[in-house]
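The values are calculated or read from the model by the stated rules, or taken from the named source; none is laboratory data. Every value quoted in this text rests on a predicted model; they were computed, and no experiment measured them. Here the Cβ positions follow ideal geometry from the backbone for every residue, glycine too, while neighbour counts run over all protein chains shown. Just the protein is used for accessible areas: all its heavy atoms, side chains included, with ligands, DNA and RNA removed. Shrake-Rupley method; radii C 1.70, N 1.55, O 1.52, S 1.80 Å.
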Amino acid sequence: MSDLPDGLRPLTPEEAQTRRKRSIAIALTLGALVILFFVLTIAKLGPQVLQRPL
């Protein structure tokens, strides 16, 4: 008996490698979007944000 639920099968090495590459691509894309949003937010605030009174 397998520990997997009905209808599931273990991944082949090729499928596992494809899934890993896709996961890495999604992670890099998400990271790039986070950096892009951060840069755009700082640019929209402008340089005056650093000259505010504390």
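Brief remarks on what is shown
- Note on surface exposure: 24, 35 rank 35, 24 by accessible area, highest first, 1.4 Å probe.
- Expressed as a whole percent, the accessible surface of the chain that belongs to carbon and sulfur atoms is 68, based on a 1.4 Å probe.
- Surface analysis of the chain yields an accessible area of 103 Å² per residue, using protein heavy atoms and a 1.4 Å probe.
- Taking the C-alpha atoms only, the angle from helix 13-45 to the longest principal axis of the chain is near 10 degrees.
- Using a Gaussian network model of the chain in which every pair of alpha carbons under 10 angstrom is joined by a spring, one finds that among 36, 28, 11 the greatest mean-square fluctuation is at 11.
- Those residues of the stretch 23-52 whose amide nitrogen sits under 19 Å from the label point placed on residue 11, 7 Å along Cα→Cβ: 23-30
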